[in-house]
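This report refers to the structure that appears directly beneath it.
The values are calculated or read from the model by the stated rules, or taken from the named source; none is laboratory data. All figures in this text were calculated on a predicted structure; none of them were measured in a lab. We place every Cβ from the backbone using ideal geometry, glycine too, and count neighbours over all the protein chains shown. Areas reflect the complete protein model, heavy atoms only, side chains present, ligands, DNA and RNA absent. Shrake-Rupley method; radii C 1.70, N 1.55, O 1.52, S 1.80 Å.
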There are 2 protein chains.
Amino acid sequence: MNTTSSILDGNSFRADAIDRLDPLDRALVERRAHVLGPSYRLFYREPLHLVRAQGTRVYDAHGREYLDAYNNVASVGHGNPAVVAAVQKQMTALSTHSRYLQDGVVDYAERLLSTLPAALDRVMFTNSGSEANDLALRVARYTTGGTGVVVTSEAYHGTTSIVSDVSPSAAAGPLRDDVIAIAPPDPYRHDDDGTVAEAFAARVAAAFDRLAERGHRAAALLIDSIFSSDGVFPATDTLEPAFAAARAAGAVVIADEVQPGFARVGEAFWGFARHGVVPDIVTMGKPMGNGIPVAAMVASSQTLDPFGAAVPYFNTFGGSSVPIAAARAVLDEIVGRRLDANAERIGEMLRDGITDMAERFDRIGDVRSAGVYFGVELVEDRQRRVPASGFAQDVINFARDEGLLISVCGPTSSTLKIRPMLTYTLDDATLLLERLDRALTRSARAS
Amino acid sequence: MNTTSSILDGNSFRADAIDRLDPLDRALVERRAHVLGPSYRLFYREPLHLVRAQGTRVYDAHGREYLDAYNNVASVGHGNPAVVAAVQKQMTALSTHSRYLQDGVVDYAERLLSTLPAALDRVMFTNSGSEANDLALRVARYTTGGTGVVVTSEAYHGTTSIVSDVSPSAAAGPLRDDVIAIAPPDPYRHDDDGTVAEAFAARVAAAFDRLAERGHRAAALLIDSIFSSDGVFPATDTLEPAFAAARAAGAVVIADEVQPGFARVGEAFWGFARHGVVPDIVTMGKPMGNGIPVAAMVASSQTLDPFGAAVPYFNTFGGSSVPIAAARAVLDEIVGRRLDANAERIGEMLRDGITDMAERFDRIGDVRSAGVYFGVELVEDRQRRVPASGFAQDVINFARDEGLLISVCGPTSSTLKIRPMLTYTLDDATLLLERLDRALTRSARAS
């Protein structure tokens, strides 16, 4: 297992590089280090000092513009006017919690459930995907009576204590005895194409068997269906046998939709829906409020009721007026403007463009995507498929210089993670391809 | 130990009362139950269906106005225009996370630290007090190498898995073996006035001894210095020997300032500051953003550095632009308008008024307060000090009818918890006293 964190350190500024910085940025980095905890990291070899954002663009303190292709929060656009207006209106009208009866939270819960399979019929609101996954694990453990959890080897599910315990990519040490990490369904490296679903399901079954041997009853299979931190593995039909194996072992299946949810993967709207499966619990967060903290756990009554009847739970901000108003405005934007269809269309155009690029750049080993979620795996050579980690670092830093924000993922931080917003125009997508091309060209020259 | 939750069930609507509701409210309660998880509770025998709020007042769907004296979030006033404007401006300008360099989070961290003792020199931002306490426990356990935690018997520190484990008032079952709950420093019921500090410290020391006997090294004493869910015990000079006892046992001291912080207790600004002590870690939340989810953990470098050097931690929304802008506007409001001094002044006026009331209502057993945080303990008779739980329920429901929102706390839900905002005027305070007087009068007649 890795001990460095691909999620948290795949693209990080190192303090010893401070002398290279502009005086303005350097001063702020120094003040920052003096007041924020040492866990804080900054992106890039030279941190990006942002002061403004609009639509698909962000601007730094030196007046430079960047195309944002790495944003999983402002997915309906930076400064989205409809969301700003909804939040301002709600803040002025009423901002209170869910122990007072309010229309907004009920209206939104109904609308949210209408995007999900009928079996998923109850919502609980939280402030972050971490809180949602924390609650989902509590529910799964309460309902099953077990504690054993199976996740993928580079999974990242959040920051609370029990959620970091099931997040191998953010681990500070070995996993707990009741958590097992398995390889994701990766047809490029681990599984032949034809057998990826069965191979993944076999790993799930074996992991629950091992947990049982260790004396841990099954609680949950916790899966991000786009496998975003594992390296982005969007092939469909990889999950159904795995879900069945988990359930056969007595586990609840939790789909962590923080990354793929809310139409990031296109018209399916939810990542798991692309696979034709229905989880027992779904968690969601990041893009839900376009920057206002709001997240949720949705579950089937059958899964949730035993916990709900026995365990008190209240979340002051979760389900409160303003986060809900933001979430509603975001959902209205996605559905009303058919941004899911836009994501599908832009995604196809980008996929074609990056696939074309792969003909010219032999460091591109594999191009994987669903909607506007891309993993572009870089290799030293295509035969041996050796991860090109250093090259990937060059690419994201040259891309920054070219005015394009992307990052990396996967166990060796060698897969470009490219996440344009749902609001991209064809011009934005064209610009993304041009800038990515230049970054790859400069990286190839530098290597 | 109690198995019902004073925090979560002290003031709850029961589903079997639905037939008494107005058709509009009843329809919403039914829709709500159909989509939200079964853990959700509503306040009051007849839920309050809120549609609007302004300043110190909230309004229901039937056009009725209520004086809000139970709000620990909107502490600078409902719909505070400065906070609304700051959020709107920030949402329009820039909304992104802390891995990009930004001025706002550094400016705010510096300002926040300036309100705290110099030893507390590092901030980490989260989305809720729960996340802040979850992180504080992780830090304490990492730094000490222990797991044992001592809390008070009705403590409530939040909703994540490990935080609910140290929240006896929200427990679904017995406490874990490595958590011990002790009686708070309660001069009314448990301790003679003169010995309250020593008695409390002795309980802390004994609890850590018991944990050691069970094989659990000390990790933390986790304390809300106003003991809000235990029944509000504001006497100063009760904490210093307890902190010393905890440290002698090898524990880190965590002050949970979610309830008393941000000038709720008056000019001290922080609850622990009234006691002349300095914790190792301070957590804060609820009123920090006046309804925008934002919270934080502040710690000494000495306590935080071992964790920070070893454990990756990132929080997408925590420390992001918009929550920070809200927090900054709230701090500006409190400091700029001297709302801490106002809380002190209004608190004294209310204290005098309620103390006068105690001469006329012999059900008032004890009046306790700091700033605008009140616990008014109700008893069957003053000699025997039998908790008047049913009477307290009558009072809060009659108060609702009279247009005053308050609630209850303590192990028997018999202490009125009254928390006016920092922005109360003398007229608001007068109205509070009038309405509380009428609620007590009606309850006395009904009993």
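Please count how many residues of region B:116-142 are surrounded by fewer than 22 Cβ atoms within 10 Å (Cβ to Cβ) and either more than 7 Å from every other protein chain (Cβ to nearest Cβ) or assigned to a strand (DSSP E or B) (or both).
Residues in region B:116-142 being surrounded by fewer than 22 Cβ atoms within 10 Å (Cβ to Cβ) and either more than 7 Å from every other protein chain (Cβ to nearest Cβ) or assigned to a strand (DSSP E or B) (or both): 7 in total.
If only one of B:243, B:269, B:314 is more than 12 Å from the chain's Cα centre (by Cα), outside the structural domain of residue B:376 (by TED's automatic domain parsing), at pLDDT 95 or above and open to solvent by 10 Å² or more (accessible area, probe 1.4 Å), which one is it?
None of the others qualify; the one that does is B:269.
Could you tell me how many of the residues in region B:106-115 are surrounded by 18 or more Cβ atoms within 10 Å (Cβ to Cβ), out of contact with any strand residue (DSSP E or B) (no Cβ under 7 Å at 6 or more places or on another chain) and part of a helix (DSSP H, G or I)? Even if it seems obvious, please write down each step before you answer.
Quick first cut of region B:106-115, residues surrounded by 18 or more Cβ atoms within 10 Å (Cβ to Cβ) only: B:106, B:108-109, B:112, B:115.
Subsequent filtering for residues that are out of contact with any strand residue (DSSP E or B) (no Cβ under 7 Å at 6 or more places or on another chain) retains B:106, B:108, B:115.
Still in the list and also part of a helix (DSSP H, G or I): B:106, B:108.
Total satisfying the criteria: 2.
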(1) out of contact with any helix residue (DSSP H, G or I) (no Cβ under 6 Å at 6 or more places or on another chain); (2) of a type in the set (S, T, N, Q); (3) at pLDDT 95 or above: which one isn't true of residue B:75, the others all being true? (1)
Confirm whether residue A:194 is more than 21 Å from the chain's Cα centre (by Cα) and in a helix (DSSP H, G or I). yes
Are there any pairs with C-beta distances below 6 angstrom linking a residue in region B:385-412 that is open to solvent by 10 Å² or more (accessible area, probe 1.4 Å) to a residue that is among the aromatic types (Phe, Trp, Tyr), with the two at least 6 apart or on different chains, and if so which? B:400/B:44
Just to be sure I understand, how many residues within region A:197-225 are under 18 Å from residue A:141 (Cα atoms) and outside any helix (DSSP H, G or I)? 10
Kindly provide the set of residues from region A:11-40 that are assigned to a loop (DSSP other than H, G, I, E, B), open to solvent by 20 Å² or more (accessible area, probe 1.4 Å) and facing chain B (nearest Cβ under 7 Å), ordered by number. A:38, A:40
Please work out if residue B:109 is out of contact with any Pro (no Cβ under 6 Å at 6 or more places or on another chain) and modelled with pLDDT of 95 or more. yes
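Just for helices (runs of 4 or more DSSP H) wholly inside region B:250-362: which have at least 2 residues that are within 14 Å of another protein chain (Cβ to nearest Cβ)? Let's see the steps before the verdict.
Values: elements: B:301-310, B:321-336, B:339-360.
Result: B:301-310, B:321-336.
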Within region B:195-217, identify whether any single residue is under 25 Å from residue B:392 (Cβ atoms) and of a type outside the set (A, V, I, L, M, F, W, C), and answer yes or no. no
Residue tally, condition more than 8 Å from chain A (Cβ to nearest Cβ), farther than 21 Å from residue A:325 by Cβ and not aromatic (Phe, Trp, Tyr), over region B:73-111: 3
Scope region A:143-162; condition open to solvent by 10 Å² or more (accessible area, probe 1.4 Å), touching a residue at least 60 places away in the same chain (Cβ under 8 Å) and either of a type in the set (A, V, I, L, M, F, W, C) or assigned to a helix (DSSP H, G or I) (or both); matching residues: A:143, A:144
Residue count for region A:45-60, restricted to those that are part of a strand (DSSP E or B), open to solvent by less than 50 Å² (accessible area, probe 1.4 Å), over 15 Å from residue A:29 (Cβ atoms) and touching a helix residue (DSSP H, G or I) at 6+ places or on another chain (Cβ under 7 Å): 0
Return only the number of the condition from (1) free of Cβ contacts under 8 Å to residues at least 24 places away in the same chain; (2) of a type outside the set (Phe, Trp, Tyr); (3) buried (at least 19 other Cβ atoms within 10 Å of the Cβ) that residue A:92 does not satisfy. (3)
Of everything in region A:351-365 that's more than 27 Å from residue A:77 (Cβ to Cβ) and in contact with a strand residue (DSSP E or B) (Cβ under 7 Å, 6 or more places away or on another chain), which residue is most open to solvent (accessible area, probe 1.4 Å)? A:363
Of everything in region A:163-188 that's within 14 Å of residue A:207 (Cα to Cα) and touching a Gly at 6+ places or on another chain (Cβ under 8 Å), which residue is surrounded by the most Cβ atoms within 10 Å (Cβ to Cβ)? A:184
Return the residue satisfying two criteria in turn: it lies in region B:317-341 and is small (Gly, Ala, Ser) and over 12 Å from residue B:287 (Cα atoms), and of such residues it is surrounded by the fewest Cβ atoms within 10 Å (Cβ to Cβ). B:336
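Any idea which residue in region A:366-381 is nearest to the chain's Cα centre (by Cα), counting only those that are surrounded by fewer than 24 Cβ atoms within 10 Å (Cβ to Cβ) and touching a residue at least 24 places away in the same chain (Cβ under 8 Å)?
Step one: list which residues in region A:366-381 are surrounded by fewer than 24 Cβ atoms within 10 Å (Cβ to Cβ), which gives A:366-369, A:379-381.
Within this subset, residues satisfying the condition of being touching a residue at least 24 places away in the same chain (Cβ under 8 Å) are A:366, A:368-369, A:379.
Values: A:366: 20, A:368: 15, A:369: 14, A:379: 23 Å.
Here the residue is A:369.
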